[in-house]
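J.: Below is the structure I would like to discuss, written out as structure tokens.
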Amino acid sequence: MKSRTGSVRGSGKRIMIAGTSLLITLSLAACSTGSTGDAGNSGDAGAQSGGPSIAFVPKQVGNPYYDTSNTAARKAIEGFGGTFKEVGPTEATADGQVSYINTLTQQGVNGIVIAANDPSALCSAMNEARDAGISVLTYDADSNPECRSAYVRAASAQTIGETAAKLMVDEIGDSGEIAIMSTTPNATNQNQWNSAIEEYYKANYPNMNIVEIVYGKDEDQASFDKTEALLAKYPNLDGIIGTTGTGLAAALRYVSGSEFKGKVAMTGLCQPSECGSYTKDGTMKQFALWNPADLGTLAAWATKAFIEKKITGKEGETFTAEGISTGKNEFTIEANGIISVGDLTVFTKDNVDDFDF
């Protein structure tokens, strides 16, 4: 344990890792006419062709991460002649999502793709949709497996958590006091990432001490305030690992204008367009992410394959998807109905401008 004025491991900088859930601000007006939360509104592109109607229900509308993935989903769906809509709550709650799922079921859409705010609270509504013949998938954040046909994820929770954990080690060495900033206590994906970080340190770096997990609720001001509070509460804190992109962006904003710039090393999971500038002004050295546009694109093509009964969710089944940035076009269903985009990319000041998401 070291004081702020003492010599810290390596560069002496503390770390902040934030993920996820990765952010770029895109206009939802361009994404879907349902983005205001009115499930009765939908884009009608593709409707004349008789293609599938697919609705995306993010954790919350207006979240830049989901803006990115859902804009890509819309492009994919309209590209194969379908109709896209996005509906959802303005706050990341399971109760808020249930009413939209129920309305979409009543409207008789062909497919629903959900970023679940709770693993079990949505299951009744999701199962009612499935009973009505609707293909129901999750993306980014999973439900209980029995409630959906498949889960489209960026990478395994272990891969994501260990990537974040290793970035921390790169910055501060093999020991220190660490806090985790997450989104909400019931966010399935981020809880899995948090656990993967903890397990990695227990197995490999037992002197990495995670002192607290805090929740910024994917809100900028709340995450900003949590960052300030953490640094005040733990004077010997060596790092903050956040598993929400909104949290990282807010934390970077706080640290960049504070006495901790140059003392607190920042890293994590974020979109280059949102966090890349902080690698250039000295607030952060490196961070990582998958391409959220790929997540939306893959979820759209997977849903199409389910609607057309080309796949059933059985392990080993394959389907094709177009428009993935890595060039990959064939994907295989893994155990428990999981479909993965791939690995993460690490961004630094030297390569961050090479990416446009």
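The values are calculated or read from the model by the stated rules, or taken from the named source; none is laboratory data. Just so you know, these numbers come straight off a predicted model, no measurement behind them. Here the Cβ positions follow ideal geometry from the backbone for every residue, glycine too, while neighbour counts run over all protein chains shown. These accessible areas exclude ligands, DNA and RNA; they are computed on the full protein's heavy atoms, side chains included. Shrake-Rupley method; radii C 1.70, N 1.55, O 1.52, S 1.80 Å.
J.: If you scan segment 211-250, which residues turn out to be polar (S, T, N, Q) and in a helix (DSSP H, G or I)?
T.: 221, 223, 227, 246, listed by residue number.
J.: Going through segment 231-245 one residue at a time, which ones are buried (at least 18 other Cβ atoms within 10 Å of the Cβ) and among the charged types (D, E, K, R)?
T.: Selection gives 238 alone.
J.: Restrict the check to segment 160-179 and report whether at least one residue is part of a loop (DSSP other than H, G, I, E, B) and closer than 27 Å to residue 334 by Cα.
T.: Among the residues of segment 160-179, not one is part of a loop (DSSP other than H, G, I, E, B) and closer than 27 Å to residue 334 by Cα, which makes the answer no.
J.: Within segment 280-339, restricting attention to residues that are of a type in the set (A, V, I, L, M) and assigned to a strand (DSSP E or B), which residue is farthest from the chain's Cα centre (by Cα)? Can you show your working first?
T.: To start, the set of residues in segment 280-339 that are of a type in the set (A, V, I, L, M) comprises 284, 288-289, 293, 295, 298-300, 302, 305, 307, 311, 321, 324, 333, 335, 338-339.
When the remaining residues are screened for being assigned to a strand (DSSP E or B), the result is 284, 288-289, 338-339.
Details: 284: 20, 288: 12, 289: 9, 338: 16, 339: 15 Å.
Looking at the filtered set, the residue picked out is 284.
J.: So, in segment 277-307, of the ones that are farther than 18 Å from residue 170 by Cβ and among the small types (Gly, Ala, Ser), which residue ends up most open to solvent (accessible area, probe 1.4 Å)?
T.: Taking the candidates together, the pick is 277.
J.: Another question, then. Taking segment 251-271, which residues are assigned to a loop (DSSP other than H, G, I, E, B) and under 27 Å from residue 291 (Cβ atoms)?
T.: 265, 267, 268, 270, 271, listed by residue number.
J.: Has segment 246-259 got any residue that is within 22 Å of residue 355 (Cβ to Cβ) and open to solvent by 70 Å² or more (accessible area, probe 1.4 Å)?
T.: There is at least one residue in segment 246-259 that is within 22 Å of residue 355 (Cβ to Cβ) and open to solvent by 70 Å² or more (accessible area, probe 1.4 Å).
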